[in-house]
Amino acid sequence: MSEQILKRNLDLTIEELVKQNAQLKEKNKELYKQVNKIDSKTAGWLRLLWFIPILGWVIYNAIMTGRKSSQKYLNQVLPIKEKIAINEFQVVYNEKIIDDKK
């Protein structure tokens, strides 16, 4: 792998690591909002099917499974979810460094 995914923050102070974790968590909140917007666009009028008790739920899930497996949806959502995963791994790594420094 030519580029390193996680930043090695061994030389940062505890305060800087905590600040970086807060920034990463804020960025993740914004990214989750983007994913939710894409999901709501994908669902569209299908949410009205929830008013039909069991049958509506079955139809909704069947159609949404097809829509979420489409290439158009995946091209929009996967890069965002990849950024979220990298940020979450970085937070866990930073917390491990903070625990080791204490």
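Bear in mind that the values in this text are calculations on the coordinates, not laboratory data. The structure presented is a predicted model; accordingly, all values stated were derived computationally and were not measured. We place every Cβ from the backbone using ideal geometry, glycine too, and count neighbours over all the protein chains shown.
Summary of values
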read-out	value
For the chain, with +1 on Lys and Arg beta carbons and -1 on Asp and Glu, the positive-most of Ile80, Val91, Pro53 along the dipole	Pro53
Whole-number percent relative contact order across the chain, with pairs defined as alpha carbons under 8 Å at least 6 apart	48
In Hz, Karplus ³J(HN,Hα) per residue of the range 44-53 (6.51, -1.76, 1.60; θ = phi - 60°; x = Gly, Pro)	x, 6, 5, 4, 5, 5, 5, 6, 8, x
The range 1-79: GluC sites (Glu not before Pro) falling in loop per DSSP and having at most 10 other Cβ within 10 Å	Glu3
Extreme residue, positive dipole direction of the range 1-50, given options Ala22, Ser40, Asn9 (C-beta unit charges)	Ser40
Cα-centre dipole for the chain with unit charges at Cβ (Lys and Arg positive, Asp and Glu negative), debye to 20	500
Vicinal HN-Hα couplings computed from phi for the range 76-83 (Karplus, 6.51 cos²θ - 1.76 cosθ + 1.60; Hz; Gly/Pro x)	7, 8, 4, x, 5, 5, 5, 4
Theoretical FRET efficiency, 1/(1+(r/R0)^6), r = Cβ-Cβ of Glu15 and Trp50, R0 41 Å, to 0.05	0.30
J(HN,Hα) series, the range 16-28, from Karplus relation 6.51 cos²θ - 1.76 cosθ + 1.60, nearest Hz, glycine and proline x	5, 5, 5, 5, 5, 4, 4, 5, 5, 5, 5, 4, 5
